[in-house]
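One structure is given here, and the rest of the page talks about it.
All of the numbers you see were taken from the coordinates with simple rules; none came from a lab. All values reported here derive from a predicted model rather than from experimental measurement. Cβ sites come from the backbone with ideal geometry, for glycine too, and all protein chains shown count toward neighbours.
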Amino acid sequence: MTPEIMTYAIAGLAFIAITALGFAFAGGDRGKQSKRLKSISDGARVRVGDSGAVARRKQMDATTKALRDREEANRKRRTVGRSIEDRIKQSGLSITMPMFWIGSGICAVVGGVGMLVGAGFNQGVMLLVPLGMAFASGFGLPRWFLGMAIARRQKKFVGQFADAIDVIVRGVKSGLPLNECLRMIAKESPQPLAAEFQVVCDAIAMGVPVDQALHKMYQRTPIQEVNFFNIVLNIQQKAGGNLSEALGNLSGVLRSRKLLREKIKAFSSEAKASAMIIGSLPIIVMLLVYMTTPAYIMSLFTSDFGHLLLLIAAGLMGAGIYIMRSMINFNF
């Protein structure tokens, strides 16, 4: 090793050692100073702050934690609102469970028989194809219509919910109690908002606490806006505070969420149109080929290998549509 390299190495090690010692001493003093300043500021905050405000803040934190734990427990269970009976209540349809299962059976029979008639009772068509169509018709179609009814009802509910909260804010500012404001919404609001608040008012009149009545409404209408409303009222009842101000802020948040939802819908409209075109293109091509040269495409329906190809194509199409829907569907 040359003397020049040795000199440079010693100088570098000396610089690193001096820098490390400086950071160590400065960091220790700065850490002690920051801890001391934090303790002094906390003590001053406790001395300056009102003891009642501190107790109220602790109670609000405990209430928020309890509500968060309950929401987490409901999310882990994932059983509330998932059954067919709960979904029928969420849709607002005046049907019963026997009527739903009878309708599912009729759809299954119509789908299976329609497949056989469409194939012309061809012996080349395997029995699994009509059975699969019957299962898809009986199991999928009624639930699909039920999901559409639920989405349509929840969309109307969300569109009217911010106005209902504004009614509560004005009523509370004018001196009306909360129960009277809820009755006003049940009488004056359009459906489906009026029906849900009428159930809440009836439950309160029967002696059910307000938080439990609102939790039942969240089970009937499992959307985030109702959950926010439930949390705000629970915190206000247990910790106190200005109810009109809290609900006014909630109304602004709900309107902002609605505006953001509409913006997302506008921005994703092109992707949705592309997904619809891509998803319907294979079916349109198959129909055009059948109209021009039916013998060319009928081998898919008359041979076992063709049935296998149709099954693979249906699986790939379903997976592609599901992936595209997941990419353009925004739930928040």
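Projecting the Cα positions of P177, P190, G248 onto the charge dipole of segment 162-259 (unit charges on Cβ atoms of Lys, Arg, Asp and Glu, taken about the Cα centre) puts G248 furthest along the positive direction.
The fraction of all Cα pairs in segment 268-332 landing in successive 10 Å bins from 0 to the largest distance is 19, 39, 26, 13, 2, given as whole percents.
Charge dipole of segment 162-259 (Cα centre as origin; +1 on each Lys and Arg Cβ, -1 on each Asp and Glu Cβ, all else neutral): 120 debye, rounded to the nearest 20. Directionally averaged projected area (segment 162-259, Cα convex hull): 5.9 nm². Phi-derived couplings, Karplus 6.51 cos²θ - 1.76 cosθ + 1.60 at θ = phi - 60°, listed residue by residue for segment 213-223: 5, 6, 5, 5, 5, 5, 5, 6, 10, x, 10 Hz, with x used for Gly and Pro. A straight line joining the Cα centroids of segment 91-116 and segment 276-323 runs 27 Å.
Scalar couplings 3J(HN,Hα) for segment 154-168, obtained by applying the Karplus form with A = 6.51, B = -1.76, C = 1.60 to θ = phi - 60°, are 5, 5, 5, 4, 5, x, 9, 6, 5, 5, 5, 5, 5, 4, 5 Hz; x denotes Gly and Pro. In terms of distances greater than 29 angstrom between alpha carbons, the cross-link table entries K187/K272; K156/K263; K238/K263; K187/K263 yield K187/K272; K238/K263; K187/K263.
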